[in-house]
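One structure is given here, and the rest of the page talks about it.
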Amino acid sequence: MANAVQVVGFSGFIGNQVFEALASEGGRVVGNSRTSVCFRGFGSIDERLEPVYRQKRIDDVFIAKDVNVIVFCAGLAHLNTPEDTRLNDFVSVNCDLPMGYAEAAIRSGVSRFVYLSSIGVHGEGSVQPYNELSSYASSDAYSGSKVLAEKKLIELFKKSECELVIIRPPMVYGPEAPGNFSRLASLVQKRIPLPLGGLNNQRSFLFVGNLVSFILRCIEHPNAAGQVFVVSDDDDVSTRDFVARIAKAQELRCILLPLPAVLFKAVMTLVGQGRAAGKLAAPLTVDCSHAKRSLGWVPPYSLAEGIRLSFPD
């Protein structure tokens, strides 16, 4: 890989996978988080991992010398704070921080800035597949902060020679994935009947290996410049089938009670989980034909392979 790449948020689930994939290709890659920086392929400082940089304020940024591509994977997805304070917290991390890096990247002469957004900018589900032209319809503080970041980044890069690439993935899964995938896997491991058997909705998912493959393509491919992409495994399944595959990958028996979706949501609402239930029951698919056609990209892993690899022996 000819580019020298900096992965912002390399200590996170996705950022770490991107960093290791770039390093394995023998290229020059820098990873940084709030507390440390790691260099690979930079000669005398190769393999160094130490707290050479500590982020004191949310607008502090670190751009390594000679880097020409930034992949921004840092972000805040979950908060246990009062509702009225969440938006400011999410905006600080998911909007102000990438804007700070984008402005610094432009000043430093970086040629491309890849921003990892979320399919949530389009909403929590739709009968029609989302694509790059779907309207913004954020439904919570997290997705709202991503919308704000996208709008500001797009406006900023209009005035720059640096190329912006935005990627909007659906739920990303893989080994030790946080969030909803981890919660579903934990529920299966409890070996209790789950009221998910009636959820026949279609949903798109994205194995982390496929996301990494796509990010690497966006780093190099000239057609990625200035583009927005939605991307998935390109193999949609129902929530019921997805959970069944999680159980199979762990070699566990899972009883899925055939509770109708309406009743499932009503019951979950009574126990304070109405919104989570709504997300599980809603259809949410993406049309990734633009990504495949423009960049000649095909997901290297099928959904079945991705789930199997998510639970290594």
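Would you check which residues across the range 14-32 are surrounded by 21 or more Cβ atoms within 10 Å (Cβ to Cβ) and of a type outside the set (A, V, I, L, M) and list them?
Gly15, Gln17, Phe19, Arg28, Gly31, Asn32
Hey, any hits in the range 232-240 for a residue that's exposed (fewer than 15 other Cβ atoms within 10 Å of the Cβ) and without any contact (Cβ under 8 Å) to a residue 40 or more places away in the chain?
no
Hey, does the range 96-118 have a residue that's in a loop (DSSP other than H, G, I, E, B), β-branched (Val, Ile, Thr) and in contact with a strand residue (DSSP E or B) (Cβ under 6 Å, 6 or more places away or on another chain)?
Yes: one or more hits.
Pull up the range 157-208, narrow it to residues that are touching a residue at least 60 places away in the same chain (Cβ under 8 Å) and of a type in the set (Gly, Ala, Ser), then point me to the one that is surrounded by the fewest Cβ atoms within 10 Å (Cβ to Cβ).
Residue satisfying both the conditions and the ranking: Gly179.
Quick check on my filter: what residues within the range 5-33 are in contact with a strand residue (DSSP E or B) (Cβ under 6 Å, 6 or more places away or on another chain) and without any contact (Cβ under 8 Å) to a residue 24 or more places away in the chain?
Phe19, Ala23, listed by residue number.
Across the range 121-161, what is the total count of residues that are within 15 Å of Phe90 (Cα to Cα) and in a loop (DSSP other than H, G, I, E, B)?
Count: 3.
Is it the case that Ala225 is out of contact with any strand residue (DSSP E or B) (no Cβ under 7 Å at 6 or more places or on another chain), on the phi < 0 side of the Ramachandran plot and of a type in the set (Gly, Ala, Ser)? Let's see the steps before the verdict.
Values: out of contact with any strand residue (DSSP E or B) (no Cβ under 7 Å at 6 or more places or on another chain): no; on the phi < 0 side of the Ramachandran plot: yes; of a type in the set (Gly, Ala, Ser): yes.
For Ala225, the condition - out of contact with any strand residue (DSSP E or B) (no Cβ under 7 Å at 6 or more places or on another chain), on the phi < 0 side of the Ramachandran plot and of a type in the set (Gly, Ala, Ser) - is not met.
For the range 111-140, how many residues meet the condition of being surrounded by 18 or more Cβ atoms within 10 Å (Cβ to Cβ), in contact (Cβ under 8 Å) with a residue 60 or more places away in the chain and among the hydrophobic types (A, V, I, L, M, F, W, C)?
The total comes to 3.
If a residue must be closer than 19 Å to Ala282 by Cβ and buried (at least 18 other Cβ atoms within 10 Å of the Cβ), how many such residues does the range 247-269 contain?
The total comes to 6.
Per-residue answers, yes or no, for (1) more than 17 Å from Ala276 (Cα to Cα); (2) among the aliphatic types (A, V, I, L, M); (3) in contact with a Gly (Cβ under 8 Å, 6 or more places away or on another chain):
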| site | (1), (2), (3) |
| --- | --- |
| Lys159 | yes, no, no |
| Pro175 | yes, no, no |
| Leu187 | no, yes, no |
| Phe207 | yes, no, yes |
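Going by what's in this entry, would Ser213 be described as assigned to a helix (DSSP H, G or I) and under 20 Å from the mean Cα position of the chain (by Cα)?
yes
Would you mind stating whether Thr285 is of a type in the set (S, T, N, Q) and in contact (Cβ under 8 Å) with a residue 24 or more places away in the chain?
Yes.
Select from the range 21-62 the residues that are of a type in the set (Val, Ile, Thr) and part of a loop (DSSP other than H, G, I, E, B) and write down the one among them that is modelled with the lowest pLDDT.
Val52
Every residue, every condition in (1) assigned to a helix (DSSP H, G or I); (2) touching a helix residue (DSSP H, G or I) at 6+ places or on another chain (Cβ under 9 Å); (3) under 18 Å from Tyr173 (Cα atoms), yes or no:
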| site | (1), (2), (3) |
| --- | --- |
| Asn200 | no, yes, no |
| Leu206 | no, yes, yes |
| Phe229 | no, yes, no |
| Asp234 | no, yes, yes |
| Ala247 | yes, yes, yes |
| Leu252 | no, yes, no |
| Phe264 | yes, yes, no |
| Val267 | yes, yes, no |
| Lys279 | yes, yes, yes |
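For the range 249-291, which positions are within 24 Å of the chain's Cα centre (by Cα), among the charged types (D, E, K, R) and closer than 29 Å to Glu305 by Cβ?
Hits for the range 249-291 are Lys279, Asp287.
The values are calculated or read from the model by the stated rules, or taken from the named source; none is laboratory data. The structure displayed is predicted, hence computed values, not measured ones. Reconstructed Cβ throughout: ideal geometry from the backbone, glycine too, with neighbour counts over all protein chains shown.
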